[in-house]
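Asker: Let me give you the structure first, and then I'll get to my questions.
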Number of protein chains: 4
Amino acid sequence: MTSESEGMNRMRKRLHEILENVSPHDRAIHIFDVFMITLITLNVLVVTIETIPGLHETYLLAFTIFDIFSVIVFTIEYILRLWVITVSPAYQRPVLGRLRYAITPLALVDLIAIAPFYIPLLLPMHLIDLRFLRILRLVRIFRIFKLSRYSEAVKTLERVLYNKKEELAATFFILILLLIFSSSLIYYAEHDAQPEKFSSIPDAMWWGVITLATVGYGDVYPVTVAGKIIGGFVAIIGIGLFALPAGIFASGFAEELAQRKMQCATICPHCGKPLSPTYHFHPGETVQDTRKQE
Amino acid sequence: MTSESEGMNRMRKRLHEILENVSPHDRAIHIFDVFMITLITLNVLVVTIETIPGLHETYLLAFTIFDIFSVIVFTIEYILRLWVITVSPAYQRPVLGRLRYAITPLALVDLIAIAPFYIPLLLPMHLIDLRFLRILRLVRIFRIFKLSRYSEAVKTLERVLYNKKEELAATFFILILLLIFSSSLIYYAEHDAQPEKFSSIPDAMWWGVITLATVGYGDVYPVTVAGKIIGGFVAIIGIGLFALPAGIFASGFAEELAQRKMQCATICPHCGKPLSPTYHFHPGETVQDTRKQE
Amino acid sequence: MTSESEGMNRMRKRLHEILENVSPHDRAIHIFDVFMITLITLNVLVVTIETIPGLHETYLLAFTIFDIFSVIVFTIEYILRLWVITVSPAYQRPVLGRLRYAITPLALVDLIAIAPFYIPLLLPMHLIDLRFLRILRLVRIFRIFKLSRYSEAVKTLERVLYNKKEELAATFFILILLLIFSSSLIYYAEHDAQPEKFSSIPDAMWWGVITLATVGYGDVYPVTVAGKIIGGFVAIIGIGLFALPAGIFASGFAEELAQRKMQCATICPHCGKPLSPTYHFHPGETVQDTRKQE
Amino acid sequence: MTSESEGMNRMRKRLHEILENVSPHDRAIHIFDVFMITLITLNVLVVTIETIPGLHETYLLAFTIFDIFSVIVFTIEYILRLWVITVSPAYQRPVLGRLRYAITPLALVDLIAIAPFYIPLLLPMHLIDLRFLRILRLVRIFRIFKLSRYSEAVKTLERVLYNKKEELAATFFILILLLIFSSSLIYYAEHDAQPEKFSSIPDAMWWGVITLATVGYGDVYPVTVAGKIIGGFVAIIGIGLFALPAGIFASGFAEELAQRKMQCATICPHCGKPLSPTYHFHPGETVQDTRKQE
């Protein structure tokens, strides 16, 4: 019984290594990764090309078999991830740890990836109409986010985004502020001249966002002098809206880079004592120790 | 009498703390903030959706009651802010301090937020026509800027914008220069081919700003060879116009970050004496003191 | 005779101070600056609004008088600048110095600003047709660049542009390369489907530049599958084309900032000896001297 | 025989110097460079203007002679490059070295530049149709990339791009992810309202890429409320997609600059010993040596 449990533990550890992509030079991990990336990519491809008129009907059987196969693989993967996650010290506890893991973004993506298959089986018949099924099929496109697990550089980007989340949120807040403000102005300037295109402020926001983001489809644009002056200023403000996150990301990447370089501990070349780099220095940390040694 | 005045003073200090959002962990401040943010957001929502055809007439009473309630709250808030501001050392003097506070951007926004309600009551009847009332209703959208008081990250953005105001103003000046210059060129190139779309240089500026900001609605564009060559160069210059503020903001955020990190005083690891960080060092400041101690 | 020449010299020096904007706190300089900035701005305004149909004919006399007045002022300014420039050590020599000054960008702008007035007077009658006169009137818009002399921040931008001129030229070169390349591809993809819109590669470049700069008027766009795939990639490359100069400017402004901060000489807090900041340190410069003193 | 081989070797070395652009002050190199840049530029010009209707037929002989001349020069250049490359230590071996050189990007561009001329001569007649010949003529536009060999600043850009290739690839990966995701969403929102414009998800990707890159031709745009909300978010995400590479390039150029400045070795101002700059310092490298000397 104990040896069986030990075997289980060893297997769980090994599976955890494979699933969580611990060592990059392990062959089994590499094979598993390539298989999963291929399967996810094929899934995205199928969800995408399935919508081409005629294709869905012609290859219905092939698409259905591939979908069932994918859901089986993703379900096994999801269950295994839940089973082995207790190996990780952060999710050690059998029930609470697994629940806490289940609500992490990556685990939620894994759940959303398989849910569209099981929901129609669980719900009462009369709730399932064509419209609902179509939304469920749309949800399968979320499988694409399963890919983000496999790129190191994407994780760097995510870290930079995370570090700068407050500045980015503030930029988004200012964008919303400017959007509402400029849509209100343009509504008052253009409503009389183009009542059907600027019928209300929420309606004018479509013009606002398309102009602030400098997309400019050309389906709505001001025609009055006042509207053109407002539109010109909104377009110029749009330039600034591109510049703000660019500046935020620039400082974010510079920080990321500085931190990577800073990880090598520096030693004073005069005396061999540890020397905190100037702009990471916090008084009363290593320095106090150094002084005591003197 | 004195104790009464003391009570007044204590109350004024407390109100100042709440209104100026001094401590982030105070419960009364938190409740007041949430209430104000909700009220401002609802106001912006009402001003916005009110313009949807039919909605204004249907919910006229609700909208009117809500507007009167908001104006009362904002008026009380404005008067209280003026009353308690003398607590702050910068605006200590009863009359002059209050006047100086009243012309700060945030106080002006507070005044503009309530003004549209009182102006029709103060002005003689014959001056108030429908057009004027509509502009007054538009002014209520300025209430949205009351929100900027409550976000820490927005204040960081404002600081970066303020620090870089000269470079940004120069960028704007160059934009205006390029706008006038390219509009003049395109006018001479396109006026004969499209006299109604490029009727004059001020008219051509609409094309200029929409092209420089890379919006490109497609309502006006050059059709002659000369006009297309000018348009191509203007579009390329537009790329540079996005890059300039992006570079300015990037250095602005990097500076902000460096300053935050630099706030921790650094001590020389060799001798324990305070050591100004290299690139904040101004000769004859702390150094002179250090030498005297020797 | 000598005292007269001395008086001339003193006057020349004073005029040089005023014209070249040496001291910012001098009252005469300030008055001269405000007068010139106002005159240039009015000139730009006149050149611009003159093109509004009807306006030119109505105010012909006023516009002509203003133009003659401006040309007289600008001519006197130009002659005085040429006269006093020998005060500056860089252009000391009476003839060669003045000639060398005359070909600097700012002096050329000053010349171009007055040339349109004198050229018709100097040329034989039969060369002057309406078309030629119109181009001359267009040239007056160059007067706008006389303004760039008066802004300190614009000079900073110019310095950053100058420091990064090689990287920016390389970006422009790559843009031209990509423009020719993508226009050739789209021509081969779209020529058969839209022969009148993509009639030749030079013609397709209009599409190329408007797409690479993400303007997208919508007058020409690919309709074939191959053309849309090429167009999609060109649009994505356009994103990179915005990012390149943004990154270049960001490092340019950071450099500018670092240099400004570095100008304050740093002294070693331990011993009061001059201490070169770490990343400006060149071996064998100040250090050698310091060691000799020891 | 030996002296002949020695002469060959000397000639090979000299040719290698000229072809690989070793010294910038050599006159022969300068003349060769100017000749090649002119020839390549003329080639690009010819390939481009040849497509103007009528021009090809009129100047058929001139174009053909110029093409044959160019191919002869480029062929001789290619053969000479292959012959002299063994002078370079990296490609020393006669056969393997030359093969390894032949697959470098610059050598491949050289091959592609001449291939379109030789392929029709080598292939059997029945394989060569008009469509195939047209593609071959298109391939000649690749000659433009031969120019990239001659610009120092382009090499700097290439180095920055190379250093940041992982972050840029991750940005591209995220772009593809967002493109597929937003195209799927808009397909489900707009398919019913505009079945011919959003006929399938791959079809909707044309809208997706044109919106994410903020080009916005205006040939396809959402018309439903759900579609407009999705479109608005996609446009806002487009702003971020511009900011990401801008931030990456900004840190890339800053790094490039820092490295160039860091190349001057720094000496400790206190004791004259070599001092590694703080943020390039790796423990156990130069420091260990320094301590041993003590």
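The values are calculated or read from the model by the stated rules, or taken from the named source; none is laboratory data. Bear in mind the structure is a predicted one, so any value in this text is a computation, not a measurement. Ideal geometry is used to build each Cβ from the backbone, glycine not excepted, and the neighbour counts take in all protein chains shown. Note: areas computed on protein heavy atoms with side chains; ligands, DNA, RNA excluded. Shrake-Rupley method; radii C 1.70, N 1.55, O 1.52, S 1.80 Å.
Asker: Measuring from a point 7 Å past the Cα of B:Glu57 along Cα-to-C-beta, which residues in the range A:196-240 have an amide N at less than 18 Å?
Answerer: Inside the label zone: A:196, A:199-201.
Asker: Toward the positive end of the charge dipole of the protein assembly as shown, about the Cα centre and with charges on Cβ (Lys, Arg +1; Asp, Glu -1), which of A:Ala193, C:Ala204, D:Gly240 goes farthest?
Answerer: Sorting the options by dipole projection puts first D:Gly240.
Asker: Let me ask something else about it. Checking understanding here: applying a Kyte-Doolittle mean of at least 1.0 and a length along the axis of at least 30 Å (C-alpha), which whole DSSP H helices in chain B pass?
Answerer: On the way: long enough: B:27-49 (33 Å, 1.88); B:60-84 (36 Å, 1.90); B:165-190 (36 Å, 1.33); B:225-262 (56 Å, 1.17).
TM-like helix candidates: B:27-49, B:60-84, B:165-190, B:225-262.
Asker: I need the inter-copy label distances for C:Leu122: point set 7 Å along Cα to C-beta, values in nm with one decimal, smallest first.
Answerer: Between copies, matching label points for C:Leu122 lie 6.1, 6.1, 8.7 nm apart.
Asker: Between C:Thr51 and residues 5 or more places away or on another chain, which pairs have amide H atoms under 5 Å apart, with H built 1.01 Å from N, and which residues are they?
Answerer: Here B:Ile201 satisfy the definition.
Asker: Which whole-percent values make up P(r) of the protein assembly as shown when all C-alpha to C-alpha distances are grouped in 10 Å steps starting at zero?
Answerer: Over the protein assembly as shown, the share of Cα pairs per 10 Å bin runs 1, 7, 12, 17, 21, 18, 13, 7, 2, 1, 0, 0, 0 percent.
Asker: Per residue in the range B:178-196, which ones lose no less than 50 Å² of accessible surface when going from chain alone to all protein chains (1.4 Å probe)?
Answerer: B:Ile180, B:Phe181, B:Tyr188
Asker: While we're looking at this one, here's another question. Given charges of +1 on the Cβ of Lys and Arg and -1 on the Cβ of Asp and Glu, with all other atoms neutral, how large is the dipole of the range D:57-155 about its Cα centre, in debye to the nearest 20?
Answerer: Details: 12 positive and 6 negative charges, 70 e Å.
For the range D:57-155, the charge dipole is close to 340 debye.
Asker: Going from most exposed to least, what order do B:Glu17, A:Glu50 have by accessible area with a 1.4 Å probe?
Answerer: Values: B:Glu17 75, A:Glu50 15 Å².
From most accessible down to least: B:Glu17, A:Glu50.
Asker: Rank A:Pro94, A:Thr58, A:Thr156 by how far each Cα sits towards the positive end of the charge dipole of the range A:57-179 (+1 on Lys, Arg Cβ; -1 on Asp, Glu Cβ) and give me just the farthest.
Answerer: Value computed over the given set: A:Pro94.
Asker: Let me ask something else about it. Would you tell me the accessible area of B:His126, worked out with a 1.4 angstrom probe on the heavy atoms of the protein chains, in Å² to the nearest 10?
Answerer: 150 Å²
Asker: Taking R0 as 35 Å, what FRET efficiency do you get between C:Leu111 and C:Ala258 from their Cβ-Cβ distance, rounded to the nearest 0.05?
Answerer: The value I calculate is 0.40.
Asker: To the nearest 100 Å², how much accessible surface do chains A and D cover up together, summed over both, with a 1.4 Å probe?
Answerer: Summed over both sides, the interface buries about 4800 Å².
Asker: Next question. So how do A:Val87, A:Val109 rank on accessible area, 1.4 Å probe, biggest first, that is with the largest at the start?
Answerer: Solvent-accessible surface, decreasing: A:Val87, A:Val109.
Asker: Keeping all protein chains in the complex and leaving out DNA, RNA and ligands, what accessible area do you get for A:Ile65 with a 1.4 Å probe, in Å² to the nearest 10?
Answerer: The accessible area comes out at roughly 100 Å².
Asker: Follow-up question, since we're still on this one. Which of the listed residues, A:Leu111, D:Pro222, B:Leu42, is farthest toward the dipole's positive end in the protein assembly as shown, when Lys, Arg count +1 and Asp, Glu count -1 at the beta-carbon?
Answerer: Checked the options; the winner is A:Leu111.
Asker: Heavy-atom accessible area of D:His30 with all protein chains present, probe 1.4 Å, nearest 10 Å²?
Answerer: D:His30 exposes around 110 Å² with every protein chain in place.
Asker: Simple spin-label model, 7 Å along Cα-to-Cβ: C:Glu166 to A:Ala193 in nm?
Answerer: Distance between the two pseudo-spin positions: 5.0 nm.
Asker: How would C:Thr58, D:Thr156 rank on accessible area, largest to smallest, probe 1.4 Å?
Answerer: C:Thr58, D:Thr156
Asker: Can you list the residues in the range A:143-168 whose accessible area drops by at least 40 Å² when all protein chains are present, compared with the chain alone? Use a 1.4 Å probe, heavy atoms only.
Answerer: Residues passing the criterion (a loss of at least 40 Å², heavy atoms only) are A:Ile144, A:Phe145, A:Ala153, A:Val154, A:Leu157, A:Glu167.
Asker: Per the 1.4 Å probe, what fraction of the accessible area of chain A, in percent, lies on carbon and sulfur atoms?
Answerer: 68 percent
Asker: Using a/c under 1.5 as the rounded threshold, could you call the range C:137-207 rounded, prolate or oblate? The axes a ≥ b ≥ c are square roots of the C-alpha gyration tensor eigenvalues, and prolate needs a/b larger than b/c, oblate otherwise.
Answerer: Judged from the Cα gyration tensor, the range C:137-207 comes out oblate (a/c at least 1.5, b/c at or above a/b).
Asker: If the only charges are +1 at each Lys and Arg Cβ and -1 at each Asp and Glu Cβ, what is the size of the charge dipole of the protein assembly as shown around the Cα centre, to the nearest 20 debye?
Answerer: With Lys and Arg at +1 and Asp and Glu at -1, about 2780 debye.
Asker: Can I ask one more? Tell me the net charge near B:Thr86. Cut-off is 10 Å between Cβ atoms, B:Thr86 excluded, with +1 for each Lys or Arg and -1 for each Asp or Glu.
Answerer: Working: positive: B:Arg12, B:Arg93, B:Arg98; negative: none.
Net charge in that neighbourhood comes out at +3.
Asker: So, one more: By its C-alpha gyration tensor, with a ≥ b ≥ c as the square roots of the eigenvalues, how is chain B shaped: rounded for a/c under 1.5, else prolate for a/b larger than b/c, else oblate?
Answerer: Note, shape of chain B comes out oblate.
Asker: Hey, another quick one. Note down the Stokes-Einstein diffusion coefficient of the range A:64-112 in µm²/s, whole number, using a Kirkwood radius over alpha carbon pairs, 20 °C, and 1.002 mPa s.
Answerer: Stokes-Einstein gives a translational diffusion coefficient of 188 µm²/s.
Asker: Let me ask you something else. Put a point 7 Å out from Cα along the line to Cβ at C:Glu166; what are the distances to that point in the other copies, in nm, shortest first?
Answerer: Taking the point 7 Å beyond Cα along Cα→Cβ, the inter-copy spacings are 2.8, 2.8, 4.0 nm.
Asker: Still on this structure: Can you give me the distance in nm between label points at D:Val223 and D:Lys13, each placed 7 Å from the Cα along the Cα-to-Cβ direction?
Answerer: 7.6 nm
Asker: How large is the accessible surface per residue of chain C, computed with a 1.4 Å probe and reported in Å² as a whole number?
Answerer: Per residue, chain C has an accessible area of 51 Å².
Asker: Treating only the Cβ of Lys, Arg, Asp and Glu as charged (+1, +1, -1, -1), what charge dipole size does the range D:152-236 show about its Cα centre? Round to the nearest 20 debye.
Answerer: On the way: 6 positive and 9 negative charges, 56 e Å.
For the range D:152-236, the charge dipole is close to 260 debye.
Asker: I want to check a number: in chain B, how many lysine pairs have alpha carbons closer than 26 Å, given a sequence separation of 8 or more or different chains?
Answerer: Final tally of qualifying lysine pairs is 13.
Asker: Any idea what the A:Ala90 label distances to the other copies are, label 7 Å down the Cα→Cβ vector, nm, shortest first?
Answerer: 4.2, 4.2, 5.9
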